[in-house]
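Undergrad: Take a look at the following structure, please.
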Amino acid sequence: MIKEITTFLNSKDYLFSSFKKVEPKEINSRKKIEIYSGVDIKKHFISIFIIDQKSRFFIKNAKEIIELKDRLRLKEDHNFKKNIFIIKSEVCSKAISHFKENKWIVYNDFM
């Protein structure tokens with residue numbers, strides 16, 4: 001799965017020098033989510049959150065993801081220059097605008 005994600009992000013002009021998976025239970029989450037922490041070739045720390053769900057993604061879900069990013073920031077002990085959210089289902093427009101207000105990058109075209 002890591003290869004597909006890095007290939008997808010390479011197509012979006014993200015090249016990583018370091019890339020690792022973080023288990024959700026490491027940041028006290030029981031959500032079915034994939035979390036990755038990476039460093040690009042410009043030495044920027046980037047967090048990647050991927051969700052694949054059947055139901056629609058709402059603003060309350062977006063707030064939970066942003067909270068998970070804050071927990072990841074504390075665990076990894078550094079701020080993330082960019083935060084990327086990748087989803088494979090329908091997303092509420094308010095959730096997308098909430099992410100963009102918080103300077104997140106949202107992709108809904110993964111696989």
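Undergrad: Can you find, within the range 31-73, the residue that is nearest to Trp104 (Cα to Cα) among those that are touching a residue at least 40 places away in the same chain (Cβ under 8 Å) and outside any strand (DSSP E or B)?
TA: Leu68
Undergrad: Which of (1) within 21 Å of Glu64 (Cα to Cα); (2) exposed (fewer than 11 other Cβ atoms within 10 Å of the Cβ); (3) without any contact (Cβ under 8 Å) to a residue 40 or more places away in the chain does Asn28 not meet, given it meets every other one?
TA: Unmet condition: (3).
Undergrad: Looking at the structure I just gave you, is Phe16 surrounded by 12 or more Cβ atoms within 10 Å (Cβ to Cβ), more than 17 Å from Lys75 (Cα to Cα), in contact with a Gly (Cβ under 6 Å, 6 or more places away or on another chain) and in contact (Cβ under 8 Å) with a residue 12 or more places away in the chain?
TA: So Phe16 fits the description; yes.
Undergrad: Before we move on, is Ser37 closer than 16 Å to Asp13 by Cα and hydroxyl-bearing (Ser, Thr, Tyr)? Write out each step before concluding.
TA: Numbers: closer than 16 Å to Asp13 by Cα: no; hydroxyl-bearing (Ser, Thr, Tyr): yes.
The answer is no for Ser37.
Undergrad: Do you know which residues across the range 75-107 are exposed (fewer than 12 other Cβ atoms within 10 Å of the Cβ), polar (S, T, N, Q) and not in a helix (DSSP H, G or I)?
TA: Asn79
Undergrad: Answer yes or no as to whether Phe110 is outside any strand (DSSP E or B) and under 13 Å from the mean Cα position of the chain (by Cα). Please lay out each step first, then the result.
TA: Values: outside any strand (DSSP E or B): yes; under 13 Å from the mean Cα position of the chain (by Cα): yes.
When the stated conditions are applied, Phe110 passes them.
Undergrad: Looking at the range 38-60, is at least one residue buried (at least 18 other Cβ atoms within 10 Å of the Cβ) and charged (D, E, K, R)?
TA: Checking the range 38-60: at least one residue is buried (at least 18 other Cβ atoms within 10 Å of the Cβ) and charged (D, E, K, R).
We did not get these values from a lab; they are worked out from the coordinates using the rules stated. Fair warning: this is a prediction, and the values are worked out from it, not measured in the lab. Counting neighbours? That spans all protein chains shown, and the Cβs are built from the backbone with ideal geometry, glycine included.
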